[in-house]
Amino acid sequence: MTEAQFYQLLLYIFLALGVGCFLLLLFVTAPYGRHARRGWGPQLPSWAGWVIMESPAVALVSLFFVLGHGWRDPLSILFLGLWLLHYLYRSFVYPFLGSGKKQPMPLVIALFGCLFNLFNGYLQGRYLFHFAPPSTTILSASSHLWLGIVLFLLGFVIHVRADWKLLHLRQPGESTYHIPSGGLYEYISCPNYFGELVEWTGWAVATWSPAGLAFALWTAANLAPRARAHHQWYRRTFPGYPPARKALIPGAW
């Protein structure tokens, strides 16, 4: 079996696992954050769990960039920059913002997240910096590239702003939850997840690749059930929760 054939097989497995993840998360809410509960084994400080989960995406895709045609390809440099914008934030900035306010994370969740990022990092990095043909200039790229970049950056801004609002809901030393408000929180319960969904949809459009599309679908499969669980938790916890607010998509769902 050639590496190209192995890659194709791995892509199909990745998509099948995404369907399985979606179905599982409809019935089982991952036990971290506000949904933390006992019975899931050893616990880690939240910051350590996030670093273990997300940092492999930084390391692996950067490695494929260096080993592949990345340095010779302007588009590859651009894609690596977008990737690192998200994952450096997710790996080494977000975990330390308000870290004392976050619930511990089960080790098993951190390891599953690490495995996902190794799997996905291989699919994204190997395609972009090895299987995809190198380009000579960004200016000759198709219009979908610019649309995808705009979507990615817009989603990133939405995502970071939503995180910031959540992290500043509580006063120092406070442990109770509050109803978030302002911005997209007036319309949906999970603007942070909506931002990520926009980001990786933009990534799929910009890279115009099967790997990018698979990642966007996986993002929806993972975050849609969690947004639903968050939304239901808010409604159970706060009797006065705004009735018109949706879970993930403004005005729709």
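Overview of values
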item	result
Cβ-Cβ under 8 Å pairs, at least 6 apart or on other chains, segment 194-220 side more than 19 Å from Gln8 (Cα to Cα), far side of a type in the set (Lys, Arg)	Gly195/Arg161
Residue in segment 141-151 that is surrounded by 21 or more Cβ atoms within 10 Å (Cβ to Cβ), touching a residue at least 12 places away in the same chain (Cβ under 8 Å), within 22 Å of Gly49 (Cα to Cα) and of a type outside the set (D, E, K, R) present	no
Candidate set: segment 82-101, residues that are more than 16 Å from the chain's Cα centre (by Cα) and in a helix (DSSP H, G or I); chosen: the one farthest from Leu151 (Cα to Cα)	Gly100
Close pairs from segment 69-92: first at positive phi, partner surrounded by fewer than 21 Cβ atoms within 10 Å (Cβ to Cβ), Cβ under 7 Å, at least 6 apart	none
Test: residue in segment 180-196 that is over 30 Å from Arg126 (Cβ atoms), crowded, with 20+ Cβ neighbours inside 10 Å and among the small types (Gly, Ala, Ser)	yes
Number of the condition not met by Thr176 [criteria: (1) exposed (fewer than 14 other Cβ atoms within 10 Å of the Cβ); (2) assigned to a helix (DSSP H, G or I)]	(2)
Some residue of segment 102-122 being among the charged types (D, E, K, R) and in a helix (DSSP H, G or I)	no
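For (1) assigned to a helix (DSSP H, G or I); (2) among the aliphatic types (A, V, I, L, M); (3) assigned by TED's automatic domain parsing to the domain that holds Arg228, each residue gets a yes or a no:
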site: Ile13; (1), (2), (3): yes, yes, yes
site: Leu17; (1), (2), (3): yes, yes, yes
site: Ala48; (1), (2), (3): yes, yes, no
site: Ile52; (1), (2), (3): yes, yes, no
site: Ser55; (1), (2), (3): yes, no, no
site: Leu75; (1), (2), (3): yes, yes, no
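The values are calculated or read from the model by the stated rules, or taken from the named source; none is laboratory data. The structure presented is a predicted model; accordingly, all values stated were derived computationally and were not measured. Quick reminder, even Gly has a Cβ in these numbers, built from the backbone with ideal geometry, and neighbours come from all protein chains shown.
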